[in-house]
Structure formats: C-alpha cells, structure tokens
C-alpha cells in the first residue's frame, strides 16, 4: 500500500501540467492558485518506483524543445520510451534550496530519483544556478554523474555549456560522449561541428547515432560527404537511418543522391529504405531520385517504404510518374499506399492533362481515405473527361467528406453547367449543397479545402 501511495504521489505531483485550446484561459486564471512543487515529496515518492511507472510520471515534467527521451544514456535507459510531446509553458522557478536538493539527488543510487531530478532541473532554462551545477558535475569522477549532467545540459541548453560539452565528446565513457553529442545537437552548437563529425567513426553505435543526429540539426553542407560514407558503410541500422535523415535536411546533388537511391534499393533494413525515400523526396534532384522511387513503389516488400516512395514522388512533382502512381492506386494491397499514391497524383505539377488510369477507379475503393484523396486529386488534375465518372461516384457515395470532395472535383474539372449545379443545389445532403454554393462562388473558394495531407514522415 505504501508503494501504491508513493506512485500515486508521483502522478499527483505532476498533475500541474499546462492546458491548451479552450482550456488555456481557465489554466491561466488558475496559475496563481496552482500548488507549489514539493521537491522533497517528489523525490521521496520516486525512490523505489518501478522503472515503467517512473518513466510515465517523468514524461509529465515540462521541458522545452521536445525529444528529451532520445538521449543515448538516460538514468532509465532500460525503459527506452520513444519521444513524446512535452507541454511547454512559463516555467516555475525553483527556490535555491530545491535546486540544491535536486542537484544532490543526481547522485542517488535510485535511477527513478535521478531521472525525475534531472528532468525537473531541465525545466529551469533560465536558472544560472542549475546551469553552473550541471557544468560542474560534467567533470565528476563518477560516470553516471557525468552522463546525467550532459543529459541535463541538453535540456537546459546554457550557452556557457558548449565548451565543456565539446570537451566531453572525448570522454572515455560512451554514455557521456553520446549525451554530450545529443546535447550539442539540441543546442545547434556550430562550434562543435567538427568534433561531432569526428565521432562518426566512434566505436560505439549509440555515440555515432547521436553525433549524426546532432550534425543533422545544424545548417551546414560541409558534412555531406561524411554523412554519405556513414550511410554507405556503417554496420548499425539506426546509424544508417539517421544518416539518411540528416542528408534529407540538405539540398543534395551528385554522390549523396546516388547513395540514397542505392540505400532505397538495396539496404537490408526497411527503416533505412523508408528514410532514404523520405530524404530523396526532400531534395530537388529528379533524374536519379524518381527512377529509384518508382522501383521501390512497385516492388518493395514493406508498406511504409512504398508509401513514403509515393509521397516522395508527389513531392518531386514529376508528371511522368503519373501512370506508375495510378497503377499503385489500382493494385497496391495497402490502403495507406493507395491513399498516398492518390495524393501524389494530385500533387504532380501541371493541370488539364488526362487523369492517370486508376484515379477514377479509386472512387470505388472500400477505404474512405482513398476515395477522399482520389476525389481531391481529380480536382487538382482537372480532366474534363473525368466528369462522368465523378458524377457516377457522387450518386453512390455516402461519406460526407468524400461527397464534398467530389463536388469540388466536378467543378474544377469543368462540370459547372447550369443543369449540374441546379441539381446539386437541390440535393438532400446539406454538405453537397454547401459545396455547390462554393463552386458557384468560384474555384478559389475551394482552396485549400479539402486538403488531405500525407501522414507524418519518419524522424529519427
């Protein structure tokens, strides 16, 4: 019972998190009455809590910039949850006595106490006392203390920590090197760029991954060759994946594009192939990228790789790919691939040409999202020959959003005859009547509605 109460106390202490949307005004009005953080009670409750419960409670600690849980060496490294969204807000400045108590707790033998302590300290972005204490402990004799200090500095991000964190890139402990690289990447510390690139050859895969991600956050093209070598030769899947991501942050040409195309076609890991497709879609070079993406769209065994390839083709806007996208829309087994292929067709450059084969047929797809994107794409293509198929689909469609998109496609394809619009204005479906009125007002009233966007892209 004591342990249950302790865990409940951890959750209750973190219930002070912020609000958003309609709750924001109420939250702001209540801030003055919000309970003061009881650091002593917090640390007592955390002591001995199970790692899973502690990690869930720790996620409630406010921090800035997100992504804290992807540090290489956290106190709860055995429970590696993926990054989650952390509420940002005006931080509550801790009294000096509580800062000292939390700093002292960084040396606790209990991993949960260390995790909670560093995350609470990490919320103090403008507290010089916290920054100084963490920088001092970056030089501690104990490896866990140096690791957690680098972790905390990555959250607090004081400018004066760049030099000591850069020195920590040479630490004998892999966890310290990795956390220091992670922290410098969050700080976008350009002064550490060269030492970070030097870690691409580190013997520890976690350190290499953190260094590659850190460089990926920096606005520089000088690491392209080094990142390309990592993508081509590193033996760790996660490292190759983030190398592809980092390359995708840059405007690429030549060998880097070729390396991404080769990784898309030949890497043994689907996550690397997926990220390579995303990186190619983020570029501007079509000559090498589009053929490789088309091969992946047709033949890759992984649904996510095919979907991302379809997205990338749409981003590159190569109209010659329309037929291949149409075939994917007709025959791919994955609804997500079919839906994204439809979106990509609508995103190809140019209007007025024939709609690719498969786009009209997709209006009969069993999946609502596929039909919605196909209808939207037909509006973007604007093929007058598709009007009959759109009218037939409108007569049988039951989904409100798809019906609206079909009216949009009808209008943008030239089907604005008086007879057609009068019929639509008499429809028993209010959504159809609304869309018809929009059509009468003019095409601009439809933009950007409806705008079915592709799903979020992969991120390291």
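Since every read-out is calculated from the coordinates, none of them should be taken as a lab result. As the structure is a prediction and not an experimental result, all values here were calculated from the model. All Cβ positions, glycine included, derive from the backbone under ideal geometry; neighbour counts span all protein chains shown.
Sorted largest first, the principal axis extents computed over the alpha-carbon atoms of the stretch 107-156 equal 28, 22, 15 Å.
Here the extension length gained between residue 104 and residue 268 equals 54.4 nm, from 0.36 nm per residue of separation less the Cα-Cα distance. When each of 155, 187, 275, 421 is scored by the number of other beta-carbon atoms lying within 10 Å, the sequence from fewest to most is 421, 187, 155, 275. In plain terms, the chain from residue 142 to residue 284 could stretch by 46.3 nm, reckoned as 0.36 nm per residue minus the Cα-Cα distance.
Eigenvalues of the alpha-carbon gyration tensor of the stretch 273-370, scaled by 5 and square-rooted, set the equivalent ellipsoid semi-axes at 19, 16, 10 angstrom, largest first.
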